[in-house]
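Just below is one structure, and these are the notes that go with it.
The values are calculated or read from the model by the stated rules, or taken from the named source; none is laboratory data. Owing to the predicted nature of the structure, the values given are computational and were not obtained by experimental measurement. When we count neighbours, we look across all protein chains shown, and the Cβ atoms used for this are built from the backbone with ideal geometry, even at glycine.
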């Protein structure tokens with residue numbers, strides 16, 4: 001049976017928890033929140049946007065940052081059933097999201113926070129979020145889920161084999 005040491009177990013658990021949590025938050029942000037910004041009255045948008053920002057940091061940025069940290073820890077703390085390439089892939093995909101956030105998303109968000117409603121800026125935010133964050137993010141989620149399935153299936157298979165004579 002594959003053994004996962006005491007330090008690796010919580011690292012894996014936190015990595016999967018934060019990765020799945022972050023993907024859910026990103027889905028709400030990209031597919032629900034951003035498109036509905038187009039419906040907000042222009043006179044209310046700036047106040048709404050500025051009130052939302054700090055909440056996004058707490059509920060999305062910090063969990064995704066921690067997910068990335070725990071992802072990197074998997075280079076040293078991973079079970080044998082998780083191939084090293086999958087750790088590399090999930091780290092690279094997370095970094096693509098971070099670069100897109102820093103170079104494209106944050107400048108648009110700053111513009112919206114300073115100048116208020118802009119249909120063009122919101123539409124650009126939606127387009128770039130889909131291409132530069134959602135696609136890499138859901139690819140990362142898929143690989144992380146595959147990693148989890150490998151761990152669970154190898155552990156389950158080992159346990160079944162142990163029970164048989």
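Values computed for the structure shown
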read-out: Cross-chain or 6+ apart pairs with Cβ under 6 Å, the stretch 110-128 first and under 16 Å from residue 36 (Cβ atoms), then surrounded by fewer than 12 Cβ atoms within 10 Å (Cβ to Cβ) and at pLDDT 95 or above; value: 117/42
read-out: When residues of the stretch 1-16 are limited to those that are surrounded by 15 or more Cβ atoms within 10 Å (Cβ to Cβ) and in a helix (DSSP H, G or I), the one modelled with the lowest pLDDT; value: 8
read-out: Among the candidates 58, 82, 104, residue that is surrounded by 17 or more Cβ atoms within 10 Å (Cβ to Cβ) and either outside any helix (DSSP H, G or I) or out of contact with any helix residue (DSSP H, G or I) (no Cβ under 6 Å at 6 or more places or on another chain) (or both); value: 82
read-out: Count of the stretch 12-40 residues which are more than 16 Å from the chain's Cα centre (by Cα) and touching a residue at least 24 places away in the same chain (Cβ under 8 Å); value: 5
read-out: Yes/no for residue 71 being in a helix (DSSP H, G or I), touching a helix residue (DSSP H, G or I) at 6+ places or on another chain (Cβ under 7 Å) and within 25 Å of residue 18 (Cα to Cα); value: yes
